[in-house]
Each structure stands twice: as structure tokens, then as C-alpha cells.
């Protein structure tokens, strides 16, 4: 009976270890937006929220994550945030009437390197 229980325990431990290894090797740096198309606000007091989430594979807790928001005009603003122990992060971009219509590029920068990017459009 002990041998069977030990065997089941050992098999489940091996499966869990294998799953963790496979998952950690396939998860890459990424940047995700809650929406890729936003309708421009009409009123000066109206604000729309664009949620930015992502993952950094080699993230060290407490380090600053930089997000470069490139406007259609070429202007760049830098947003700073930090991540969790496992490399996940999120922040919110507040979009108001002052944002111009057009395509924006959001670049994820960590440890001095640009590691991911995505775009969104304001109509």
C-alpha cells in the first residue's frame, strides 16, 4: 500500500514539475491592452481608461518598468510602474479630449531594452 501511495505521489510531483518547466519556457515578454480602438471623448471632463497589462520573464521585484507612449505627432511620454514577484504588471492610461486622433505605439522597456510593443488607435 505504501508503495502505491508513494508511486502516485511521485508521478504527480513529476507531472507538476514538467508542467511548470514547460509553462515557464513558453511564457515570453508581452504587452496587452484592454482595447486597441478607442473613440475619442467629446467632453473635457470625460476620461476613458486603457488598461495595460504585461509580463517580463526576467523581472526582479521592485525594478521600474517603463512604458513609452508614442503619440501620432512623434511626441513620447514615459509611464513608470512596477511588477509583481512573478513578472506581471499593469497600469492605466487615462485618455481624455486632449489626445489627438490617430495611431499610438506603446513600447515596453525594461533593463534598458525595448522588449515588447503594441499599437492602439484613437478615433
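Only the coordinates and a few stated rules stand behind these numbers; no lab work does. Here the structure is a predicted model, which means the values were calculated and not measured. A quick note on method: Cβ atoms are made from the backbone with ideal geometry, for glycine too, and the neighbour counts reach across all protein chains shown.
Values computed for the structure shown
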read-out	value
Label-to-label distance, nm, for residues given as residue 53 and residue 30 (7 Å Cα→Cβ offset)	1.0
Length added when fully stretched, residue 88-residue 64, from 0.36 nm per residue minus Cα-Cα	7.4 nm
Contour excess over end-to-end distance, with Cα ends at residue 121 and residue 77 and 0.36 nm allotted per residue	14.2 nm
